[in-house]
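**Q** To start, I am sharing the structure in question, which I have written as structure tokens.
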Amino acid sequence: MRNVSYLGRYIKRPPLSQARMKHYDGGTVAFDYPNHRDGQHRVAEYETEEFIARFIQHIPDKHFRMINFYGFLANRVRGQWLPQIYTLLDQTVEPVRSVRWRDLQTRRFGTDPRLFTLCGCPTRLVGITRGSPPANCVNTASSAACKNVGRFERE
């Protein structure tokens, strides 16, 4: 059980957070760590090169697959166990609500991105022109809104 709890802590958090860093003067690094033998917090101080050598031991190799979920949230058993867990906890499964880009933009910025800001006409995107200066884009959008021509069309 001790190894499992250590593994869970190690997977969910980085080996050393910025909050635990106490001092760096260009030559030495001091950081706070919990001593698991006596439960006390201690400060360790290393030369920069030695600290980096110890720290990079915790960086996984390229293409090393980290464990995302384990237990009943593992991909292999999630579909089998989650319904049972929900029934044991007397909870219901809520359907996932789809969030649309248009709704997010409207909620965040207060304007519907699919309406022309000049006249309020609904539009649909029929193409993207890359490399045009912003002034040309404004002129094109205003002429398209007024004349219903250009890269946008009314719905």
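Bear in mind these aren't lab numbers, they're just calculated from the coordinates by the rules spelled out. Since we're looking at a predicted model, the values are computed, not measured. Here Cβ is always computed from backbone atoms with ideal geometry, including for glycine, and neighbour counts include all displayed protein chains.
**Q** Among the residues of the stretch 17-66, write down those that are aliphatic (A, V, I, L, M), outside any helix (DSSP H, G or I) and free of Cβ contacts under 8 Å to residues at least 40 places away in the same chain.
**A** Within the stretch 17-66, Met21, Val29, Ala30, Val43, Ala44, Ile59 qualify.
**Q** Say we look at the stretch 41-93 and pick out the residues that are in contact with a Pro (Cβ under 8 Å, 6 or more places away or on another chain) and among the hydrophobic types (A, V, I, L, M, F, W, C); which of these is farthest from His23 (Cα to Cα)?
**A** Ranking the qualifying residues of the stretch 41-93, first place goes to Val93.
**Q** OK, next. Mind listing just one residue for me: the one in the stretch 103-135 that is polar (S, T, N, Q) and under 27 Å from the mean Cα position of the chain (by Cα) and, of those, nearest to Tyr70 (Cα to Cα)?
**A** Gln105
**Q** Being out of contact with any Cys (no Cβ under 7 Å at 6 or more places or on another chain), exposed (fewer than 10 other Cβ atoms within 10 Å of the Cβ) and aliphatic (A, V, I, L, M): is that true of Ala44 here?
**A** Spelling it out, it is not the case that Ala44 is out of contact with any Cys (no Cβ under 7 Å at 6 or more places or on another chain), exposed (fewer than 10 other Cβ atoms within 10 Å of the Cβ) and aliphatic (A, V, I, L, M).
**Q** So is Val29 of a type in the set (A, V, I, L, M, F, W, C) and in contact with a helix residue (DSSP H, G or I) (Cβ under 6 Å, 6 or more places away or on another chain) or not?
**A** Taking the combined requirement at face value, the residue satisfies it.
**Q** Where the second residue is among the aliphatic types (A, V, I, L, M) and part of a helix (DSSP H, G or I) and the first is farther than 20 Å from Tyr70 by Cα and lies in the stretch 80-102, which pairs have Cβ atoms under 9 Å and are six or more apart or on separate chains?
**A** Final answer for the pair search is Gln91/Ile85; Val93/Leu82.
**Q** Shifting gears a bit: When you scan the stretch 96-129, how many residues do you find that are in a loop (DSSP other than H, G, I, E, B) and hydrophobic (A, V, I, L, M, F, W, C)?
**A** So the count comes out to 8.
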